[in-house]
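Structure first, commentary second.
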């Protein structure tokens, strides 16, 4: 019970900035109807409780399962097992990622089902599986992370040049949503399990960084390929369906989705436990309890988000779109900074960074760099929507700078930077802030949600890659001065 209360406290800290901002705007320049306000308060309570239970479940089950699976894969000492096992584990953990379900439903909503949410989940999960499989191979074979990222982002930029500009945001945003509260702890735990047993690496723990960045890149590549293949056939006008499901129907629909999402993970665990893990007694009960918490928490969280959070985000964005532009930029910068401070996946990554570097790289420096980066990214997103600028105008110079910085950044910080870009877009970013952007897009003359409203997560993932590499260069210079 103590641990659950601690998790609730942690999540309240994450959600509180959004809730307080909404209430403040409701009382001043963006009043909500009583019905919508009630939905938001109820949704907030369910989101907080659900995310807390979910994260507790992940800590008790998903993370330890990931760690021991990584160790078992490495012990097999057979590359084909690592490759095939990596693909299926990456695929199924992505299917169970709450953030991916949220963004897939929003894309489905604004395209009136033309871009089906199930298709997005399956395609993105294939991208995760393939890139996860390669990422594990890289650790075992000790391939250069810098060369890997250079090749991946060269491919991304080439595909982006061929992809319809107006749909590029969907590909990058989907990628950002795949590395959320479920995927990141599992990926980091499994990678650390393999890295610990990697005899080819002289610094195996540090070798665990970079996989989240590789996974994110893999999803971008496969989603850009989808855009190229069918982009010209996707209508771009605002088409969000007006139907509003009852609370009961939302619960029913989401429960079915969660069962289907988590069932493969449960079956994989049962299979591995009989053949490899051999969890027994108290340890097995803890894992089972954790999986149950994950199931319940995911339902509560998704119901809370879908029953009020998204609708309120769109409504406030729509209301504020034609208000003072400087005020909107200021609010977005503050919102970006505060929400990133306690994103669950960011907490997991920064904690591991501090542990792996024995406290040399403090969490506070990484989090401060992320907060500034995400705040700037959300400001750029509003500017992009306001003036209907192509995402390409931000991504080309942005990734150009990121690739250039790799030449001067220590290897450890390259992995940390690309991982940070992947985890920066957590539950609050993928829900309220993205919905807010969609509201702004619907109220901005000449803008559409599919072409202009998406792309925010892309920028949220990009800017931290730059800011964290700059931090790495600063640490490098500091170390040289101190003679370390």
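With the simple model of a label 7 Å out from the Cα in the direction of the Cβ, residue 3 to residue 407 spans 4.8 nm. Each of 280, 311 has some number of other Cβ atoms within 10 Å of its Cβ, and from fewest to most they run 280, 311. With 0.36 nm allotted per residue and the present C-alpha distance subtracted, the residue 362-residue 38 stretch has 112.6 nm of extension available. Looking at the range 68-184, the pairs of alpha carbons with a distance over 25 Å make up 31% of the total. Averaging 1/r over every pair of different alpha carbons in the chain and inverting the result gives a Kirkwood radius of 22.3 Å. Per residue of the chain, the DSSP helices (runs of n ≥ 4 H) give a summed -39500 (n - 2.57) that works out to -25500 deg cm²/dmol at 222 nm.
Only Cα pairs under 8 Å and 6+ residues apart enter the sum, and on that basis the relative contact order of the range 1-86 stands at 40 percent.
Computed over the chain, relative contact order equals 26 percent, with contacts defined as Cα pairs under 8 Å that lie 6+ residues apart.
Ranked for footprinting exposure by Cβ neighbours inside 10 Å, fewest first, 355, 71 give 355, 71.
Computed from the coordinates by the stated procedures, all read-outs in this text should not be read as laboratory data. This is a predicted model, so every value here is computed, not measured. Note that we place each Cβ from the backbone using ideal geometry, even for glycine, and neighbour counts take in every protein chain shown.
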